[in-house]
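Right, one structure below, let's go through it.
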Amino acid sequence: MKGSDLLVAALENEGVDRIYGVPGEENLDVVDSLRRSSIELIVTRHEQPAAFMAATYGRLTGKPGVALSTLGPGALNLVTGAAYGFLGGMPMVLMTGQKAIRQSRQGHFQIVDIVATMRPLAKQSQQVVSASSIPTLVRNAFRIAAEERPGPVHLELPEDIAREEAGDVALVPPHAVEIPVPSPEAIKRASELILAAKFPLLMFGAGANRPRLAPALSEFVHRVRIPFFNTQMGKGAVGGASDFYLGTAALSERDYVHRAIDRADLIVTIGHETVEKPPFLMTQGRHQVIHIGFEPAAVEEVYFPQAEVVGDIASGLGLLAGLLEGKVRMNPDWVALRKEILRHITDRADEDRFPLTPQRIVHDVRQVMPPDGIVALDNGMYKIWFARNYRTDVANTLLLDNALATMGAGLPSGMMAALLYPKRRVLVVAGDGGFMMNSQELETARRLNLDLVVMIIEDHAYGMIRWKQAVDGMPDFGLSFGNPDFVTYAAAYGARGRRVTSASELVPALEQAFSAGGLHLIAVPIDYSENIRVLVDELRHMQD
């Protein structure tokens, strides 16, 4: 068996059913081995979206997604996707080709040190130098990618190793790895701090949104009855319909949810990872913090917990609930504060103004999406509005990135969700800037016959940076651009396009698209004047 056949057999051994990427000269042996395997090769139009798709597979399933590229330029196109998975805690395996390493008939043509390039962006980056080592390296790659904290692993397979005969080499069977349970001492100390607090508050972070954790988190809130908020990437870890939900920290300070954060004398962070933009700014003497996570806290200037519970989060919360259940009394002040916070973030959600306000767009999307419907956000100003205003009832139904926060990931992320869950409604929300960075993947989505609706928020500018420019008192400069006619653009890819021309059209347009099935683009003009009115003037007045 040659190296490429052994690689594909090892991937099948890991349960891989799809690989995303772009073939090249240096991985043609791997492509040919895939042709004769049970694994589907999904050819994308650029390597970056392939990596985003692999990362999103890992995010939604907890198992590593796999992306494939050739050497040099193709491998470098995976780099942003690697960083996306690395900062976002998404398990993935990236496989790249390389020139032969036992001879050099092409000199240094196209050769870049991809192993070194990937090393800061992956949990491990390694070149395969012997075909017989492939089963061990693949098993180790999948194990490392999936274990806490999840992330990318990179394997480079030179073309001569792919063609090398490996002989009779056994595959390495996967096995389950249990995460250690937190120590009893840490659990006891955390319970004592919580019981001593007058205004305890829970916060769910990115690490709380691991697919396996949702039941344990909901049970913990039900048992201990402590109010909670979440970070952007922790949104949905516990349903927003809970009576204990106070909102999402979409900004680092001065938002309405920070009224609760500022009132708290103890914050219990669950699954918080400081790769996220800070959900609150911790200062000495302001409030105590207990860190509950798979790994110890990364101590930062704005995050330095006084106590830690490290280990399996689900087990730790179960033990902690056993010490707290029936003993925590919710301060009645939280009830009035919760009502006030939620009233403010739904303000003007049904305005008929056109172009549409961000609040109206979020409101209407929520009306159309069922509880298990998935909204995949690209990165832009609308992300803050969805984080603040969109209520989630099911974990991982609002996919956003607040770690790398890269543009261009929304469409590939939504495509992956539609592939995994073909019976669920999947909506991509992307700005006109981010959408055009990977809009070529519409062809991939069409070729895969995906049922997918893409809503393009159109303001003809890099809207978030324009907002920041205005906040800093700078003149409006360098952020505007033109757009294609998105209806015609959709038709060119075999999709159906529509432009919303009044506020009342958005809900019917979305409903008709989902009912019809197939691939749809809906262009929605937005009025971003609310960015200044709400996120600057109103919040500044709140602090006065």
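Every number in this text was worked out from the coordinates using simple rules, so none of it is lab data. Since we're looking at a predicted model, the values are computed, not measured. Positions of Cβ are generated from backbone atoms using ideal geometry, with glycine treated the same way; all protein chains shown enter the neighbour counts.
Assuming R0 = 30 Å, what is the FRET efficiency of Ser515 and Arg353, from their Cβ-Cβ distance, to the nearest 0.05?
0.65
Highest first, please rank the peptides 466-472, 400-406, 193-199 by the mean number of other Cβ atoms sitting within 10 Å of their residues.
Ranked from most to least packed, the peptides come out as 400-406, 193-199, 466-472.
Between Ser125 and residues 5 or more places away or on another chain, which pairs have amide H atoms under 5 Å apart, with H built 1.01 Å from N, and which residues are they?
Placed amide hydrogens put His154 under 5 Å from Ser125.
Taking 0.36 nm per intervening residue step and subtracting the Cα-Cα distance, what contour gain separates Asn331 from Ala196 on full extension?
Here the answer is 47.3 nm.
Let me check I've understood the local charge: for Asp401, count other residues with C-beta under 13 angstrom from its C-beta, Lys and Arg +1, Asp and Glu -1. What total comes out?
Neighbourhood net charge equals +1.
How high is the FRET efficiency between Val536 and Ala116 when r is their beta carbon distance and R₀ equals 56 Å, given to the nearest 0.05?
Computed FRET efficiency for Val536 and Ala116: 0.80.
Here are a few candidate values for Rg/Rh (Cα atoms, Kirkwood Rh): [x] 0.99; [y] 0.96; [z] 1.07. Which one was actually calculated from the structure I just gave you?
[x]
Across segment 210-218, in residue order, what do the Karplus-derived ³J(HN,Hα) couplings come to in whole Hz, using 6.51 cos²θ - 1.76 cosθ + 1.60 with θ = phi - 60° and x for Gly and Pro?
4, x, 7, 8, 3, x, 5, 5, 4
In the chain, what % of DSSP beta bridges are antiparallel (nearest 5)?
Percentage antiparallel, nearest 5: 5.
Tell me, what is the FRET efficiency for Arg263 and Ser38 to the nearest 0.05, using R0 = 60 angstrom and their Cβ-Cβ distance as r?
It comes to 0.60.
Roughly speaking, what is the stretch gain from Arg447 to Ser104, that is 0.36 nm per residue apart minus the C-alpha to C-alpha distance, in nm to one decimal?
Here the segment from Arg447 to Ser104 would lengthen by 119.6 nm.
In sequence order, what are the phi-derived ³J(HN,Hα) couplings for segment 439-448 according to the Karplus relation 6.51 cos²θ - 1.76 cosθ + 1.60 with θ = phi - 60°, rounded to whole Hz, with x for glycine and proline?
Ordered by residue, 3J(HN,Hα) equals 5, 4, 6, 4, 5, 5, 4, 5, 5, 7 Hz.
How do Glu276, Glu340, Glu505 rank when sorted from fewest to most other Cβ atoms within 10 Å of their own Cβ?
Fewest-to-most ranking of Glu276, Glu340, Glu505: Glu340, Glu505, Glu276.
By DSSP, what percent of the beta bridges with both residues in segment 346-543 are antiparallel, rounded to the nearest 5?
In segment 346-543, approximately 5 percent of DSSP beta bridges are antiparallel ones.
Highest mean first, what order results for 46-54, 451-459, 310-318 on Cβ atoms within 10 Å?
Those peptides, ordered most packed to least, come out 46-54, 451-459, 310-318.
Please list, or write none, the lysines whose alpha carbon is within less than 22 Å of the alpha carbon of Lys198, excluding same-chain residues fewer than 8 places away.
Counting by Cα, and skipping residues close in sequence, Lys198 has these lysines nearby: Lys188, Lys327, Lys339.
Collect residues whose amide H, placed 1.01 Å from N in the peptide plane, falls under 5 Å from the amide H of Leu521; neighbours closer than 5 in sequence don't count.
Val454, Arg496, Gly497, Arg498
Ranked highest first by average number of other Cβ atoms within 10 Å, how do 59-72, 418-431, 294-307 line up?
Per-residue Cβ counts within 10 Å, averaged per peptide and sorted highest first, yield 59-72, 418-431, 294-307.
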